[in-house]
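As structure tokens, the structure follows; a few thoughts come after it.
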């Protein structure tokens, strides 16, 4: 087995990255491993946090629970266990998976866009039968963000044990 890529920590972080880690601890009580997996460049951490805030956590046409559902479905499709664990917990806090057509359409969209990106236009068309234009844009943003984050998590092999307190 190849040696795992080292993750920045408090001792190896530049002053800029250390400031991002300190801000994360203040916001969330820890530095999530995904931030460490982005590597030593503080500007990547800032950009990722900004995009995650806009796509997942901030105001949007698509509801917060539905965005977590997309995040979980995308992470499951990619086999990204770190993200599955994180987003399953967040989805549970928001009420879990619903049983309606809308939730089924969201999961199907996340799977198709992740596993068959060449079918993106068809996937959007099918999702549009259940969501408004603005909600479809939100769904695309969440699945795109999670595919990026999943690949970072998979490439670095992070687990929740890599979170820093």
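The values are calculated or read from the model by the stated rules, or taken from the named source; none is laboratory data. Here the structure is a predicted model, which is why all the values come from computation and not from measurement. All Cβ positions, glycine included, derive from the backbone under ideal geometry; neighbour counts span all protein chains shown.
Numerical summary
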item	result
Out of 134, 108, sole residue that is at negative phi and free of Cβ contacts under 8 Å to residues at least 40 places away in the same chain	108
Among (1) out of contact with any strand residue (DSSP E or B) (no Cβ under 9 Å at 6 or more places or on another chain); (2) in a helix (DSSP H, G or I); (3) over 18 Å from residue 153 (Cβ atoms), the one test that residue 59 misses	(2)
Subset of region 62-75 (residues that are more than 10 Å from the chain's Cα centre (by Cα) and closer than 16 Å to residue 144 by Cβ)	62, 66, 69, 73
Qualifying positions in region 152-161 - assigned to a loop (DSSP other than H, G, I, E, B) and either crowded, with 19+ Cβ neighbours inside 10 Å or in contact with a strand residue (DSSP E or B) (Cβ under 7 Å, 6 or more places away or on another chain) (or both)	158
Residue 33 vs. criteria loosely packed, with under 14 Cβ neighbours inside 10 Å and within 13 Å of residue 149 (Cα to Cα)	no
Answer residue from region 48-59, given it is closer than 19 Å to residue 31 by Cα and in contact with a helix residue (DSSP H, G or I) (Cβ under 7 Å, 6 or more places away or on another chain) and is surrounded by the fewest Cβ atoms within 10 Å (Cβ to Cβ) among those	51
Meets criteria (within 22 Å of residue 35 (Cβ to Cβ), modelled with pLDDT of 95 or more, under 15 Å from the mean Cα position of the chain (by Cα) and surrounded by 15 or more Cβ atoms within 10 Å (Cβ to Cβ)) for residue 85	no
Single residue of 22, 54, 77 found to be part of a helix (DSSP H, G or I) and without any contact (Cβ under 8 Å) to a residue 12 or more places away in the chain	22
Subset of region 83-109 (residues that are within 18 Å of residue 57 (Cα to Cα) and part of a helix (DSSP H, G or I))	83, 84, 85, 86, 87, 88, 89, 90, 91, 92, 93, 106
Candidate set: region 8-21, residues that are surrounded by fewer than 19 Cβ atoms within 10 Å (Cβ to Cβ) and touching a strand residue (DSSP E or B) at 6+ places or on another chain (Cβ under 9 Å); chosen: the one farthest from residue 152 (Cα to Cα)	10
Residue among 106, 164, 70, 62 that alone is out of contact with any helix residue (DSSP H, G or I) (no Cβ under 6 Å at 6 or more places or on another chain) and either surrounded by 15 or more Cβ atoms within 10 Å (Cβ to Cβ) or under 22 Å from residue 32 (Cα atoms) (or both)	164
Residue 92 being under 10 Å from the mean Cα position of the chain (by Cα) and surrounded by fewer than 21 Cβ atoms within 10 Å (Cβ to Cβ)	no
Considering residues of region 110-151 that are exposed (fewer than 15 other Cβ atoms within 10 Å of the Cβ) and in a loop (DSSP other than H, G, I, E, B) only, the residue farthest from the chain's Cα centre (by Cα)	129
